[in-house]
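Quick notes on the structure that follows.
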Amino acid sequence: MGVLYDPDYVYSAFKKVLEQYGFKNIRFHDLRHSCASLMVTKGDGINNVQKWLGHSDIGTTANIYAYLDYQSKVESAEKMSGILPIPADIQKSDL
């Protein structure tokens, strides 16, 4: 419509929607974090997340969201277990 919205209006309207539908009270900014977290979880690379969020420094994105890439960690661990087998005298339950 060519008119900027007042940020206070956006925040208050968002709060009303949360109350109307019985959702947990969160900050509007939390939607940004949720979006980025979902992107990482679904396999988007950290570079794509950085561009989507508009971070000028990838370190900002990586420091906040890189820990969410759990599946990559699992895949790396599985690859390493094939390279470095557990000796026969050590039980997996001991690890």
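Using the per-residue mean of other Cβ atoms lying within 10 Å as a proxy for protection, in what order, highest first, do the peptides 46-57, 17-28 fall?
Output ranking for 46-57, 17-28: 46-57, 17-28.
For Lys15, list the lysines whose Cα falls under 29 Å from its own Cα; do not include residues on the same chain fewer than 8 positions away.
Lys24, Lys42, Lys51
Could you work out how much longer the chain between Val10 and Ser81 gets when fully extended? Use 0.36 nm per residue separation minus the Cα distance between them, nm to one decimal.
20.5 nm
The list (i) 13.1; (ii) 15.9; (iii) 17.1 gives values of Kirkwood radius over Cα pairs in Å, and only one came from this structure; which label was calculated from it?
(iii)
Just so you know, all these numbers are worked out from the coordinates, no wet-lab data involved. Small disclaimer: the values here were computed from a predicted structure and weren't measured. Cβ sites come from the backbone with ideal geometry, for glycine too, and all protein chains shown count toward neighbours.
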